[in-house]
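The values are calculated or read from the model by the stated rules, or taken from the named source; none is laboratory data. The structure displayed is predicted, hence computed values, not measured ones. Cβ sites come from the backbone with ideal geometry, for glycine too, and all protein chains shown count toward neighbours. Note: areas computed on protein heavy atoms with side chains; ligands, DNA, RNA excluded. Shrake-Rupley method; radii C 1.70, N 1.55, O 1.52, S 1.80 Å.
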Amino acid sequence: MAGKQKHTRVKNQLKMGELKVLGSWSSPYGLRVQWALGLKSVEYEYIDEDLLNKSEMLLKYNPVHKKIPVLVHNGKAIAESAVILEYIEETWPQQHPLLPKDPYERAMVRFWINFLDNKDKVAPFITFFIGVGEEHKKAVKEAKELLKLYEEQVLGEKKYFGGEEIGMLDLAMGWMAYFGAIEEIVDVKILDAETFPRLHAWIQNFRAHPVIKNNLPDHDRLLQNYTEKRQRFLAYSPHTENA
Amino acid sequence: MAGAAEDMKVLGTKQSMFTQRVVWALKLKGVEYEFIEEDLVHKSSLLLALNPVHKKVPVLVHDGKPIAESKIILEYIDETWKERPLLPEDPRERANARFWAAFIDDKLMEASKKAFVSTGDDRAKAMESTMEGLKLLEQELQGKKYFSGDDGIGYLDIVAGWVAYWFQFIEEIGGFKVMESTKFPCLDAWIKNFLQVPSVEQSLPSPDELRNVFGAIRMAMQMK
């Protein structure tokens, strides 16, 4: 996990200015923003938020939602990861473009990001993590259907969702790159190489990219943290069989 | 450079607040299109073929290529026809518009729906959330004729359009009141100005059409 990158006033052709990212070490929404800036070689100061104890800064910069990520550029805050990604793309358009040029293809990228971020499409993966019994079985089925859609219709034959290079949709799909930690804790594998060979290949490529490689949550820390989280949910769940 | 009518189709319904967004945008840009009215109870094979993922309206079909999701369609329209821009030029202002658009469609709409369907404490809570949302929009408007400035409506006005017209019928049929002109003077002025914009005025469904739509929704929910 990348440590704080101190803000430096380095003379380069990139826009100068003070840039902060408020994120959380394991949040895929925050990581999207960090990855985007990393790919564009834009320096920023990373501020890690404890989501159980939100800072004054976070509440000040995102009073409406009180959530990470928040990008603060020259003192002005921008919230909502999808909005931030578009802002980053428009502010630093030359380096590593994250969207295609063609308006139709851009619309397709936005469509799929909107789709996968929809809470109904995220829910099966959350239930996979903290659910039990029938509810868990249903979640496994729904999650696999979504993965099939992503594998066959969205990724297809491409190396990345963005084509030859990582694009905005790859960043949005980035949660898959460390989903293995959750599978390990739940002790159920759904994103396996045999059923989803293309997604599996994508994960390897994505994780290997130098910018992504240096900005992934630590595996052991994920195991420890997620195990604790899962136990807490199961303890409070009315469905727990061994309460 | 407006496209020929046969190159551009809009699949939608006149009563749909989301469909209307696309209609307003195309009218503002002077783009000709063919409107295909969809029966949402008996969905056409055309709709299902063009929006297999969501099976919803609106769908824009440009040169045979379909695009779904109204906000995404708006961005596509703005990128394809550069005249009469809908989104501002400055990236920060664009981010601001997108942020509030997401808020209106997620938080405000969810609260309004809840207020419409629920009763008792749940309704009270939902009404409170709706009011909070409207307060934020009131603040966002402060001093401006439109969300997009004083010159004319833009992306955020279009997205907020359901608040200007559909919302009153959600309240009426739902049996609750949140939007008071005294509480939200800026929004009230904005609503009046917005509804007078020709592209908007020409396309609005009639009050009775909307009463029927929301009435039917309410009945369906009560039968569950």
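What the table shows:
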| quantity | calculated |
| --- | --- |
| Residue match in segment A:51-70 (condition: closer than 23 Å to A:Pro210 by Cβ and open to solvent by less than 30 Å² (accessible area, probe 1.4 Å)) | yes |
| Test result for B:Leu87, within 12 Å of chain A (Cβ to nearest Cβ) and surrounded by 22 or more Cβ atoms within 10 Å (Cβ to Cβ) | no |
| Residues within segment A:72-89 that are part of a strand (DSSP E or B) and facing another protein chain (nearest Cβ under 7 Å), tallied | 3 |
| Out of A:Glu194, A:Glu165, A:Glu135, sole residue that is among the charged types (D, E, K, R), over 21 Å from the mean Cα position of the chain (by Cα) and not in a helix (DSSP H, G or I) | A:Glu194 |
| Given (1) at the interface with chain A (Cβ under 10 Å from one of its Cβ atoms); (2) closer than 20 Å to B:Gly161 by Cβ; (3) not acidic (Asp, Glu), number of the condition B:Lys65 does not satisfy | (2) |
| A:Asp170 vs. criteria surrounded by fewer than 19 Cβ atoms within 10 Å (Cβ to Cβ) and of a type in the set (D, E, K, R) | no |
| Residues of segment B:116-151 satisfying the condition of being over 30 Å from B:Met219 (Cα atoms), within 14 Å of chain A (Cβ to nearest Cβ) and open to solvent by less than 80 Å² (accessible area, probe 1.4 Å) | B:Leu136, B:Leu137, B:Glu138, B:Glu140 |
| Flag for B:Tyr76 being more than 9 Å from chain A (Cβ to nearest Cβ) and open to solvent by less than 80 Å² (accessible area, probe 1.4 Å) | no |
| Listing of helices (runs of 4 or more DSSP H) fully contained in segment B:140-208 that carry 1 or more residues being free of Cβ contacts under 8 Å to residues at least 12 places away in the same chain | B:166-174, B:185-196, B:198-201 |
| Matching option when the condition is surrounded by fewer than 18 Cβ atoms within 10 Å (Cβ to Cβ) and either more than 9 Å from chain A (Cβ to nearest Cβ) or assigned to a strand (DSSP E or B) (or both), among B:Lys113, B:Lys107, B:Lys56 | B:Lys113 |
